[in-house]
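See structure below.
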């Protein structure tokens, strides 16, 4: 077996290494991180979530600011990446989901990754015409089948990739609270049924659909295991890319990862009603004690957010954290964030992952 990581194909689109950098909002993965990952042969991903905060008109016209900022960041990432793939993560739950897809197409993104809801209604004609690849993010075989069946029946095409995200991921999770620590829902268990669900449509369309494992993958050995033992085509990693020089977050955000301990990683109840994994801090402790953080909602960015009942604004808290202002925000993080002990370059991280993958191959021989 080759000690080199396999390439990852999305149809005619090729990544030299099978690593997708997970999209992280608000403003954690933008053009700097995405282009650095693309230059190392991976798939660099910009998070579209409230990306307009970087523009001065965000407070008065957030919808326009979001689409303009997304277009700018995609174009910037494309200009900074000499090679590789630039993708965009767009949550289905975002109010302007369709507009952000169109903005991504207009700016020349290579691939979309859409989760946090079922991406059923999409601008399929624009997607087909542009040739942009479309990946779906799921947490179960049931959701996979539902999406593929809908696309097959209504559009006559199927998505180009599937990301299976397990309960060890950071940020909002697609699981109920009681499922997060239940061994029946660990990534190793939920991936095989998704592979089976995808295979049905691969055979129908005579088309290879790459399946990508996500959530809790930390080392090159993990990558080896999921590709060679469990049978996925690639992995998605987000947490490890936070502690890189190229990550778009403030240095204090990165240091929150470097300095956190295992017991600091906690599950919270987000204002949008979903469980999420984050690094415990005073802001979250105050929320847990019932202290409301006053805020003014500038617009309903998430379809299901009942902002009048929310103890704080999730968007404003994440923007504050991105800027390193933790008195009014907090950092989402994956279950392994506590294992990070230094900030490195994306190249150093990728080289480490490749070396560890090769070591895992040798240990099997």
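Within the stretch 325-361, which residues are more than 20 Å from residue 172 (Cα to Cα) and either at pLDDT below 95 or not in a helix (DSSP H, G or I) (or both)? Before the answer, list the steps.
Narrowing the stretch 325-361 to residues more than 20 Å from residue 172 (Cα to Cα): 325, 327, 339-361.
If the condition is that a residue be more than 20 Å from residue 172 (Cα to Cα) and either at pLDDT below 95 or not in a helix (DSSP H, G or I) (or both), then 325, 327, 340, 341, 342, 343, 344, 345 are the ones that fit.
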Practice item. Could you check the stretch 186-295 for helices (runs of 4 or more DSSP H) lying wholly inside it with 2 or more residues that are touching a residue at least 60 places away in the same chain (Cβ under 8 Å)? Key: 220-224, 239-242, 251-259
Review point. Looking at this structure, is residue 215 under 20 Å from the mean Cα position of the chain (by Cα), farther than 28 Å from residue 156 by Cα, at pLDDT below 95 and buried (at least 22 other Cβ atoms within 10 Å of the Cβ)?
Key: no
Check your understanding: Quick one: residue 289 ticks every box in (1) modelled with pLDDT of 95 or more; (2) outside the structural domain of residue 94 (by TED's automatic domain parsing); (3) more than 28 Å from residue 59 (Cα to Cα) bar one, so which box is it?
Key -> (1)
Check your understanding: Restricting attention to the stretch 153-171, and to residues there that are surrounded by 17 or more Cβ atoms within 10 Å (Cβ to Cβ) and over 14 Å from residue 335 (Cβ atoms), which single residue is nearest to the chain's Cα centre (by Cα)?
Key -> 163
Exercise for review: Could you run through the stretch 140-156 and say how many residues are closer than 22 Å to residue 234 by Cα and assigned to a loop (DSSP other than H, G, I, E, B)?
Suggested key: 1
Review point. For residue 104, which of the numbered conditions (1) out of contact with any strand residue (DSSP E or B) (no Cβ under 9 Å at 6 or more places or on another chain); (2) closer than 26 Å to residue 245 by Cα fails to hold?
Key: (1)
Exercise for review: Hey, could you check the stretch 258-271 for residues that are crowded, with 19+ Cβ neighbours inside 10 Å and at pLDDT below 95 and say which is farthest from residue 173 (Cα to Cα)?
Suggested key: 271
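The values are calculated or read from the model by the stated rules, or taken from the named source; none is laboratory data. From a predicted model like this one, the values you see are computed outputs, not experimental measurements. Note: ideal-geometry Cβ built from the backbone for every residue, glycine included; neighbour counts use all protein chains shown.
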